[in-house]
Structure formats: C-alpha cells, structure tokens
Amino acid sequence: MLYMDGMDDIFIKGARLRGKDELYSIYIQNGKIISIKEAGETQKAQIEIDAKGRLVTESYVIAHVHLDKVGTWDIAGDTAVRAYHRMDNSSAKDAIMTASKVKASYTVESIKERASRYLMLAKKYGVSHIRAFADVDTKAKLMAIDALCELREQLKSEISIQVVAFPQDGVIMEPGAEELVRKALDKGADVVGGIPWIERTEEDQRAHIQKMINLAVEYNKPVAMLVDDAANKELHTVEMLAEMAHRAGLDGKVEACHARALQLYDDSRLREVAQKIRTAGMGLVTDPHTGPLHIPVEKLARYGVDIAIGQDDCSDAYYPYGRCKMTEVAFLASHLLWRMDYEGVDRIYDMVTTSPARIIGVNDFGLKEGNTANLVLLPAKSVMEALTFQVEPDYVVSQGHLTLRR
C-alpha cells in the first residue's frame, strides 16, 4: 500500500548494501541519512523496518523521458517507430514530423491524466527524480508545460520533477519556438531544452544551440538537448554543444541525450570529442532499448565521460513499451551493451541511479551519511538478482519521505 508520513524518523536494520558482505543499519532523520553502520546497533524511530537481509540501494533517477507524450501509442500508430528505426537522417526527421501529429489531441487535462498514470508507476518502481521533457512549439504551444508544472507541484513531496522546455520541431525551422521557450521559462520550466541536429544547416544548428544557451544564461537554468540522433557520422552537434556551453560558462550544467552518431566515429575522432565533453562537464544519456544504434558506452566511459541510461519514451510514437521501471531498462541495457559480468551489471545499475542524479544536478544523492535519503529496499540480495527478476521495491524513501510501503 501507499504510505505517506512526511519527515518521520526511519530506522532500517539488517540491510544488505551493494558490494558489502555484512548487514547494515540505516538511520534517517529529518530527511537526511544520519548514520550507516554495521548491523548490531539499534535506534528508536517512528518507523522501524527490518530488511531481513534484503538489498537497499539508491533510488532510481530518470534523466530523460518525454512525459507529455506517454500513453499516446494508440493515437500515433507505428509509422514513426518504423521510420526512426531506419536510422538515416531523413527517416529520423520524418519520424519526428509524423509523431508530432498526436499534438492535435493535446489538452492540458489529457496530458496531466496520461503523465499522472506513468508518474504513479515511476513512484511504485522506486523513481525519486525525473527530468521530464515537455514539447514547446506552435502545435503543443505551452499545454505540456502547464500540465507538467502543475504535476511537479502536486507531487513534489513524492517525486522530484524537472520540467524541460523542449522545442521538439526546432528553433530556426519553427518560427516562434524561441519565444515559446522563453514563455515556458517564465511559467516555471526548470531546464532549457533543444534539438539542434534536426536543423537544416550547420549554421542553423549553431544558431539553435546559441539561442538556447543564451536563454539558459539569462534565466540561470541548466540545459538538456537531444543531439545527433541518426546514423550519420557527419552529425556533430554534441561537439558543438560542448564547445558552446563551455564558452558560456555552463560547465557541469548540460545534458546531451541520444548522440547515436557517436557510434560511427573512428577512435581518434571519438577521443577528441570525449575531451570536449569532459572539459564542459557534460553528461550523456543513452537509450539503447529504443533504437538499433546508441552511444558507444564502453569507449566513452574509458575516456572519462559520465553516461546515464534514460527511459526516453513510454508507449508513444517512438517506443510502444516502457513503464518508468528502471530495473527493466537496466535489464535490457545489460543485454544491448553486453555487460553481464558483475562489474558491468553494477556499472549499469549506477547508470540508472547515481550517474543520472549527477547529470541532472542532484548534488546530495547517494547512500552516504549526510545526504538526503533517496533509497529503495528490494526483495533481492544482489543487483544481479534485482535485474534478473526486475523486482519492485518493498519500500521507497524519496527525498526523506517514506512514499511506498508494501
């Protein structure tokens, strides 16, 4: 059942932690992790939980999901997904244009109803933080921004939502989109979005990035852009974004999603781009389950690039599945990235917990004394077991609140 009890003190005993043989006790007070100690010590608390050797880990973080589009698959059909999976430049752009037709059915209430259903699933599956993209263009106008900002306020004690003002159809190609992004920021959007790779020329791609960076600097907001999302090694907006963000002083405040073209770069070029990404402190988010090409995770990780795995889509024009269940996404990624060894699985688990938290700017995240309590208690004894069975949490603590207890 669901259980909300504010900032009550919580004591968890007999918890198994990642990479540890011993059992531990965790004490949470006023939303913070006060102590993590080997089992044996007890602590009186308003809420006492006996983990009985079950696994306690960080909660899940989704750094990239198009929350305004969730649940629209039945409206959209499979035309866009077929085009997206062909991967070339023109078909990927065709997919975006085809998918945009669902916006004719948008209302603030319909977006809220669909997004609410998936946010409740996310909460059930142990997600504490989401960066949610909301289309801002002449079709969607500001309906998605209004809907997601309302949900952000309604659910703020249960799940933290960052709303991205996302000009899905471009900025140069879509006259009026820049002003709509500005209006979205005035309404309370948390992040400046972008999708520069779909613009027609390199000059327009640079102009797209620069306009959005200018808004980010003016409003003191982070940036999240979709880059190089096609099988074309000539695409290089991820590199442009890193260079331009660094010049603008936005180091550590930029997220780049998809970047599928990086898989086609030769090693020398990839190393050069990785250096620029590191210099800008830019995080990458990959979604290997949504298409046949993805970021070369292992190579970029060796070059020191921070990479997370996102949900991207849930039952929309680009992906018919998805339920904001990150053990499911990590399970799929383990296969698609061919990491089924202990070290690889543990790294993939980081990519749905600690890495996305860093990338979206959650600074006190992690199972560490002094941090805000964001954790899940799982009916498993290891990460491998958790992914094998894609388990659902028995308890969820989100931002210091006990939000789920079975």
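Here are some notes:
- For the stretch 230-324, the dipole from Cβ point charges (+1 on Lys and Arg, -1 on Asp and Glu) about the Cα centre works out to 220 debye, to the nearest 20.
- About the Cα centre, charge dipole magnitude for the chain (Lys/Arg +1, Asp/Glu -1 at Cβ), debye: 460 debye
- The shape of the stretch 299-406 comes out rounded: with a ≥ b ≥ c from the C-alpha gyration tensor, a/c is under 1.5.
- In Hz, Karplus ³J(HN,Hα) per residue of the stretch 311-318 (6.51, -1.76, 1.60; θ = phi - 60°; x = Gly, Pro): 7, 6, 9, 9, 6, 10, 4, 9
- Exposure proxy order (Cβ contacts within 10 Å, fewest to most) of Asp312, Asp88: Asp88, Asp312
- When the stretch 156-312 is described by a simple charge dipole with +1 on each Lys and Arg Cβ and -1 on each Asp and Glu Cβ, the residue from Asn232, Ala207, Tyr219 located farthest towards its positive end is Tyr219.
- In this rough spin-label picture, where each label sits 7 Å from Cα along the Cβ direction, the Leu17-Glu153 distance is 3.9 nm.
- Tilt relative to the chain, helix 143-154 - C-alpha long axis, 0 to 90 degrees, to 10: 10 degrees
- Expressed to the nearest 5 percent, the antiparallel share of DSSP beta bridges inside the stretch 60-359 is 5 percent.
- Dipole magnitude for the stretch 152-274: about 320 debye, using +1 per Lys or Arg Cβ and -1 per Asp or Glu Cβ, origin at the Cα centre.
- Tensor-based shape of the stretch 303-342 (alpha-carbon gyration tensor, a/c under 1.5 rounded, otherwise prolate or oblate): prolate
- Relative to the dominant Cα principal axis of the chain, helix 108-124 is inclined by about 40°.
- Between helix 89-99 and the chain: long-axis angle, C-alpha atoms, 0 to 90°, nearest 10: 70 degrees
- Here the Karplus curve 6.51 cos²θ - 1.76 cosθ + 1.60, taken at θ = phi - 60°, turns the phi angles of the stretch 384-397 into couplings of 4, 5, 4, 6, 4, 9, 6, 5, 9, x, 7, 9, 10, 10 Hz, with x standing for Gly and Pro.
- Two-site FRET efficiency, Asp364 against His85, from Cβ-Cβ distance with R₀ of 41 Å, rounded to 0.05: 0.55
- Here the calculated FRET efficiency for Asp186 and Thr138, from their Cβ-Cβ distance with R0 = 22 Å, stands at 0.80, rounded to the nearest 0.05.
- Where labels lie 7 Å past Cα in the beta-carbon direction, separation of Glu218 and Asp346 in nm: 4.7 nm
- Estimated FRET transfer efficiency when R0 is 56 angstrom, pair Arg269-Lys44 (beta carbons, to 0.05): 0.40
- Working note: Karplus 6.51/-1.76/1.60 with θ = phi - 60° gives the stretch 261-272 the couplings 4, 4, 5, 9, 6, 6, 4, 5, 5, 5, 4, 5 Hz, where Gly and Pro are set to x.
Read the figures in this text as sums done on the coordinates, not as results from a lab. Just so you know, these numbers come straight off a predicted model, no measurement behind them. Please note: Cβ atoms are built from the backbone with ideal geometry, for glycine as well, and neighbour counts cover all protein chains shown.
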